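Reading through the C-alpha cells given below for one structure.
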Amino acid sequence: MNAVAQRKEGAALEPGDLRRFDLRRLMALVTKESYQALRDPSTLLIAFVLPVVLLLLFAYAVSLDAKEVRVGVVLESPGASAQSLAAAFSGTRFLKTQFAHDRREVADQLVSGALRGYVVIPQDFEQRLAQRGAEPLVQIVTDGSYPNTANYVENYARGVVQTWRAGLDVAAPAQSVVLEPRYWFNPELESRRALIPGAIAIVMTIIGTMLTALVVAREWERGTMEAVLSTPASVAEILIGKLLPYFVLGMLSTLGAAALAVFVFGVPMRGSLAALLLLSAVFMVPALGQGLLISSLARNQFLAAQIALFTGFLPAFMLSGFLYEIDAMPAPIRAITRAVPARYFVDSLKTVFLAGDIWAVFLPNLAAMAAIGALFFAIAKRATRKNLE
C-alpha cells in the first residue's frame with residue numbers, strides 16, 4: 001500500500017535512481033530498437049537499397065561533363081581552308097558536329113533545342129584569314145538558356161579555331177617551352193569523381209536525419225514512446241538506445257557506398273579507411289541529433305518528414321557544395337551554409353577520396369560537425385521530457 005501511495009504522489013523512484021546510467025538497461029533498449037529496425041522493411045530499404053539507387057543515379061544520370069555537345073557548323077565558304085577548319089570541328093570527341101551550308105538550316109534547330117550552338121564559316125573566310133586578325137574568322141552563336149553549356153561551346157569553338165590557325169603558320173619558330181596543363185586531384189576532370197563522394201554525404205543525411213526523425217516520430221504518434229519514458233531508464237539511456245542502431249546502420253551504409261564508389265564507379269580513394277570512418281562517425285552525430293530533435297518537436301510522421309526534408313535533405317543537397325560551389329553563392333547564403341553539417345562532410349569526403357588524409361582540412365571540419373551535433377543533442381534532450389505532462 002505504501003508503494004501504491006508513493007506512485008500516486010509521483011515519487012515511485014528517487015531522482016538519483018532515474019539519473020543513474022545503467023549499462024544493462026541501455027543494452028536492453030539497444031536490443032529492442034535493433035529488433036524493431038530489422039523487422040521494419042522500410043528501414044532496411046532506406047539504409048541499404050536507397051544508397052545504391054542514389055549512387056547509380058549520381059554516377060550515370062547526373063553528369064557535369066560536357067561531352068558530345070550538339071553543335072552545327074555552317075560552311076558558307078567553299079575554300080580549302082574553310083573545309084580544313086570544318087574538319088577540325090568534327091575531329092574532336094567533345095563536340096557532336098552537324099554540317100550545313102545555310103545558317104537557316106541550323107537556326108531552327110537551335111531554337112528547338114536540337115543544337116546547343118553553331119559556328120558560321122562565312123563566305124569571305126579566305127579574305128579574313130589573309131588579313132591576319134583584322135576581323136574574326138568565324139561567328140559563334142550559342143543557346144543562352146543553358147549558360148554553362150553556352151560558355152563551354154563558345155570557349156571550345158574559339159580553342160578549335162586558334163589551334164587550327166596555329167597549325168597553319170609553318171614559318172613560325174618552334175617553341176622552346178611547351179606548356180602542358182595538369183589538374184590536381186582529378187586529372188581527367190570527371191565530374192563523377194566529385195559527385196560520388198558528395199552523394200555519400202546525401203545518403204548519410206537521409207539515414208541519419210530523415211530515417212531517425214520518421215522512426216522516433218512514429219513512436220510518439222503510436223504512444224510507445226510514452227511507455228518507454230515511463231520506465232526507470234534515464235533520458236540519456238533512452239536517447240542512446242534509440243540512436244545507436246541507426247548509427248550502426250549509417251556506418252554500414254557508408255562502408256557499402258564507399259565500396260561501390262571505389263570498385264564499381266572507379267573513384268580513387270587516396271586517403272585511409274580509418275579517416276573515412278572517423279569522418280562518417282562524427283557526421284552521424286549532428287545527423288542523428290537533428291533527426292531526434294525534429295521527432296521530439298513534431299511527434300507526427302508526416303510533419304517530421306516534411307521538416308526533415310526542408311531542414312535536412314534539401315540543405316545538404318543545395319548548400320553543402322555537393323553540386324553548387326559555395327564560393328559562388330551570395331554572402332548571406334554562404335553564411336547560412338556554415339550551419340549545415342553536410343557542408344563540412346562533403347568537403348572532407350572529397351578530400352579523403354581525391355587528395356588523401358589531409359588533417360589540416362579534417363580537423364576544422366570535425367570540430368564544426370561535433371559542435372553542431374552537441375547543440376542538436378542538447379536541445380533534443382531538453383525537448384524530450386522524462387515526466388509526461
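Read-outs: derived from the displayed coordinates by stated rules, not from any lab. All values derive from a computational prediction rather than experimental measurement. Reconstructed Cβ throughout: ideal geometry from the backbone, glycine too, with neighbour counts over all protein chains shown.
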- Message: Test of understanding: in a Gaussian network model of the chain with alpha carbons linked when under 10 Å, which of 314, 45, 56 would top the mean-square fluctuation ranking?
- Response: 45
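Would you mind ranking 310, 99 by Cβ crowding within 10 Å, fewest neighbours first? Intermediate results must be reported in sequence, preceding the final value.
On the way: 310 10, 99 13.
Lowest to highest Cβ neighbour count: 310, 99.
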- Message: Let me test this: with uniform point scatterers at the alpha carbons of the chain, what is the Debye-based log₁₀ I(q)/I(0) at q = 0.06, 0.13, 0.15 1/Å?
- Response: -0.39, -1.06, -1.24
- What residue among 359, 220, 164 has the largest mean-square fluctuation in a Gaussian network model of the chain, using Cα springs under 10 Å? 164
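Can you name the helices of the chain, as whole DSSP H runs, whose Cα span along the helix axis is 24 Å or more and whose Kyte-Doolittle mean is not below -1.0? Intermediate results must be reported in sequence, preceding the final value.
Numbers: long enough: 147-168 (32 Å, -0.55); 235-263 (42 Å, 1.78); 273-298 (37 Å, 2.02); 359-383 (36 Å, 1.45).
Result, helices passing both filters: 147-168, 235-263, 273-298, 359-383.
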- Heads up, segment 291-368 by the C-alpha gyration tensor (a ≥ b ≥ c square roots of eigenvalues; a/c under 1.5 rounded, else a/b over b/c prolate, else oblate) looks prolate
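Lys pairs in the chain, Cα-Cα under 18 Å, at least 8 apart or on separate chains: how many?
Working: 8/386; 32/242; 67/96; 242/381; 242/386.
Final tally of qualifying lysine pairs is 5.
What ranking, highest mean first, results for peptides 229-237, 71-79 when packing means the other Cβ atoms within 10 Å averaged over each residue? Mind dumping the intermediate values first?
Numbers: 229-237: 16.1, 71-79: 20.6.
Ranked by mean Cβ neighbours within 10 Å, highest first: 71-79, 229-237.
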